[in-house]
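Here is the structure we will look at, set down as structure tokens.
The values are calculated or read from the model by the stated rules, or taken from the named source; none is laboratory data. All values reported here derive from a predicted model rather than from experimental measurement. Neighbour counts run over all protein chains shown; Cβ positions are idealised from the backbone, glycine included. Areas reflect the complete protein model, heavy atoms only, side chains present, ligands, DNA and RNA absent. Shrake-Rupley method; radii C 1.70, N 1.55, O 1.52, S 1.80 Å.
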Amino acid sequence: MIFVGEGALLRRAVTHAATRGHPVDLVCSADPLDAAAAGAPHLAGADVNAHAATLAGACTDGIVWSLNNRQIFREPLLRADGLRIVNIHNGLLPRHRGLPSVAVLFAVLHGDTEYGATAHEVDAGIDTGPVLAEHRFPVGPEDRYHQVMLRGIRACQALFEQILPAVTAGTAQPVTTAAGPSAYYGLRALDRLDAYRDHPAYPRATDLGPFTAHAPEVARALSRPPSPGPPRRR
């Protein structure tokens with residue numbers, strides 16, 4: 001199997017798979033240390049799609065895992081023979097598509113009472129492939145951004161460990177979810193923050209805590225002075 005992504009979540013997943021005896025054929029990330037725990041080859045590249053032939057040739061079981069991965073899979077990787085790409089997404093799909101750093105902020109602003117992680121197959125859309133499993137947890141009325149984000153990361157790790165056996169055995173199948181209407185949270189969603197500055201949940205939703213360094217685009221948006229415009233939401 002091949003892993004694509006970055007950070008501690010990716011590294012823990014690689015380590016878990018290796019200690020369970022699964023073949024880790026290649027790790028695609030910015031840091032070579034992500035592959036060290038599994039003694040696996042490492043590939044550093046800004047665009048994993050440019051290395052489709054390498055991935056297809058290296059993968060011995062046909063499974064590609066995407067964890068904490070901001071790259072978008074495209075052709076020809078999506079149609080590479082024998083590859084099944086599974087993404088572990090920080091958020092409930094289709095309600096929290098896009099960047100988790102942005103989705104968590106709006107989940108708190110919108111008063112979502114649940115958040116979680118979703119395992120889904122990757123298709124040509126963004127977080128639109130068939131859902132294989134999810135791991136939900138409640139969001140309380142006093143919960144802050146950094147608390148929800150941390151629980152989301154932990155849910156991603158738990159979900160990966162939960163679904164790993166079924167994916168490797170080829171028995172993981174699409175399931176029906178009840179995550180609500182589809183919504184997408186990319187960087188452009190941050191342009192809407194001015195409308196929420198007087199919202200009662202704004203202080204909680206923007207309390208990045210230790211994730212300030214890991215969500216620089218959100219931190220920059222929050223540091224911008226309010227822009228003139230229509231009346232704000234309350």
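Overview of results
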{"item": "Considering residues of the range 204-215 that are surrounded by 12 or more Cβ atoms within 10 Å (Cβ to Cβ) and at pLDDT 95 or above only, the residue nearest to the chain's Cα centre (by Cα)", "result": "215"}
{"item": "Qualifying residue in the range 80-96 (condition: among the acidic types (Asp, Glu) and under 22 Å from residue 12 (Cβ atoms))", "result": "no"}
{"item": "Residue among 73, 3 that is part of a loop (DSSP other than H, G, I, E, B) and of a type outside the set (Lys, Arg)", "result": "73"}
{"item": "Candidates 62, 116, 129 - the one that is at pLDDT 95 or above and at negative phi", "result": "129"}
{"item": "Selection within the range 149-195 - under 18 Å from residue 65 (Cα atoms), in contact with a helix residue (DSSP H, G or I) (Cβ under 7 Å, 6 or more places away or on another chain) and not aliphatic (A, V, I, L, M)", "result": "152, 156, 157, 160, 161"}
{"item": "Residue selected from the range 111-130 under the condition of a type in the set (A, V, I, L, M, F, W, C) and assigned to a strand (DSSP E or B), by the criterion nearest to residue 78 (Cα to Cα)", "result": "119"}
{"item": "Count of the range 50-73 residues which are open to solvent by less than 20 Å² (accessible area, probe 1.4 Å) and of a type in the set (S, T, N, Q)", "result": "1"}
{"item": "Positions within the range 36-58 being closer than 17 Å to residue 7 by Cβ, touching a residue at least 24 places away in the same chain (Cβ under 8 Å) and part of a helix (DSSP H, G or I), in sequence order", "result": "48"}
{"item": "Some residue of the range 29-38 being over 23 Å from residue 170 (Cβ atoms), in contact with a Lys or Arg (Cβ under 8 Å, 6 or more places away or on another chain) and open to solvent by 60 Å² or more (accessible area, probe 1.4 Å)", "result": "yes"}
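Residue by residue, here is whether (1) crowded, with 18+ Cβ neighbours inside 10 Å; (2) touching a Ser or Thr at 6+ places or on another chain (Cβ under 9 Å); (3) not in a loop (DSSP other than H, G, I, E, B) holds:
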residue: 132; (1), (2), (3): yes, yes, yes
residue: 137; (1), (2), (3): no, no, yes
residue: 159; (1), (2), (3): yes, yes, yes
residue: 164; (1), (2), (3): yes, no, yes
residue: 177; (1), (2), (3): no, yes, no
residue: 180; (1), (2), (3): no, no, no
residue: 192; (1), (2), (3): no, no, yes
